Amino acid sequence: MEDDMKKSNFEYLNGDSIDEELKCAICFRPFDFPVCNPQCGHTFCQECIKTWHKNSSICPTCRQRAYIKSYTPVKTRAVLNQLSRLHFKCNLCQQMNIEDRNKHLEICPKQVIKCPSADIQCQWKGKREDFPIHLETCPFQQIRPIINQLIEEIKTIKETQHEQQRFIQAFINNGYTLSYLCPTSHCRFNRPLIDNKPYLMSCSLCNQETDSKKKGLHSCITNNCICKLCLDKHTQQKSRRIPEKRKLSSDEESNDDHDDL
């Protein structure tokens, strides 16, 4: 539908004189990104044949069975050169001799566009030439910096929550809670070193190899651990969220004593 609207915004200059071999048998216009079925040799606009094969599995021209995955882009230089020499007229702004329709639509003053703040519910639609007037009064554009800041804060909160969830899952450790201490003498960290090589565990959060000096929490049963860096990171985040109790001034302490009486 969008591609059909784009095509209807333009018409070919001297369209009646264009060779029929350069026209699509579906839309009856010169090829737009032509693709060819190598089995039967018939060529169509890329979007036209995609739409056609949503409802049919036969070639529109010869009626042979065909599948959309069989079509390949036309690379014949003679055909592409002829198509590139075709010029258009914009039916919106009446500009002539247009070579690239997509580039023209990006600057056409009569093209209907949406407000850049449509993603935050601005309902304005209008011609590109009228957009500067809308921009001066659009309340959504005015609050855009605040909304962008809130979006970033929400994104940060979600990332923090995701990290905290991973930390909790690692801490619970499939029912075997991680600990600071070794409740058993069989813990691999308590064994004598062999050739002075420390025993290593992989941190469940950062996946870094961790020895006894770097481990924060671990499980002797499952040999899982959380390194000190990850542990400090999450405990510091938690402590920052807990507001410190404000120290009372001498006058406030005096008033507080009277309240107790």
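The values are calculated or read from the model by the stated rules, or taken from the named source; none is laboratory data. As the structure is a computational prediction, the values presented were derived from the model and not from experiment. As a convention, Cβ positions derive from the backbone with ideal geometry for all residues, glycine included, and neighbour counts pool all protein chains shown.
Could you grab me the full set of residues in the range 116-155 that are β-branched (Val, Ile, Thr), part of a helix (DSSP H, G or I) and either exposed (fewer than 10 other Cβ atoms within 10 Å of the Cβ) or more than 20 Å from the chain's Cα centre (by Cα) (or both)? Spell out how you get there, then give the answer.
Going through the range 116-155, the residues β-branched (Val, Ile, Thr) turn out to be 120, 133, 137, 143, 146-147, 151, 154.
If we keep only those that are part of a helix (DSSP H, G or I) too, we end up with 120, 133, 137, 146-147, 151, 154.
Residues satisfying the conditions are 133, 137, 146.
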statement: Output for Cβ contacts, cut-off 9 Å, separation at least six or different chains, first residue closer than 21 Å to residue 231 by Cβ in the range 155-166, second in a helix (DSSP H, G or I), reads 160/237; 163/233; 163/234; 163/237; 164/234; 164/237; 164/238
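Condition check ((1) under 29 Å from residue 113 (Cβ atoms); (2) under 33 Å from the mean Cα position of the chain (by Cα); (3) among the hydrophobic types (A, V, I, L, M, F, W, C)) across all residues:
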{"site": "37", "(1), (2), (3)": "no, no, no"}
{"site": "40", "(1), (2), (3)": "no, no, yes"}
{"site": "60", "(1), (2), (3)": "no, no, no"}
{"site": "75", "(1), (2), (3)": "no, yes, no"}
{"site": "80", "(1), (2), (3)": "no, no, yes"}
{"site": "83", "(1), (2), (3)": "yes, no, yes"}
query: Among (1) in a loop (DSSP other than H, G, I, E, B); (2) among the charged types (D, E, K, R); (3) modelled with pLDDT under 90, where does residue 110 come up short?
result: (3)
query: In the range 31-42, is there at least one residue being free of Cβ contacts under 8 Å to residues at least 24 places away in the same chain and surrounded by 15 or more Cβ atoms within 10 Å (Cβ to Cβ)?
result: yes
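For the range 16-25, name all the residues that are touching a residue at least 12 places away in the same chain (Cβ under 8 Å) and under 18 Å from residue 101 (Cβ atoms). Full working, then the answer.
Our first condition is that a residue be touching a residue at least 12 places away in the same chain (Cβ under 8 Å); within the range 16-25, this holds for 18-19, 22, 24-25.
Residues satisfying the conditions are 18, 22, 24.
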message: Please return the ranges of strands (runs of 3 or more DSSP E) entirely within the range 18-105 where 1 or more residues are more than 30 Å from residue 128 (Cα to Cα).
response: 34-36, 43-45
- line: When the range 167-211 is checked residue by residue, the ones that are at pLDDT below 80, closer than 16 Å to residue 232 by Cα and part of a loop (DSSP other than H, G, I, E, B) are 178, 180
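Among the listed residues 115, 62, 122, which satisfies the condition of being assigned by TED's automatic domain parsing to the domain that holds residue 16, without any contact (Cβ under 8 Å) to a residue 60 or more places away in the chain and under 30 Å from residue 43 (Cβ atoms)?
Values: 115 fails: under 30 Å from residue 43 (Cβ atoms); 122 fails: under 30 Å from residue 43 (Cβ atoms).
When all the criteria are applied, what remains is 62.
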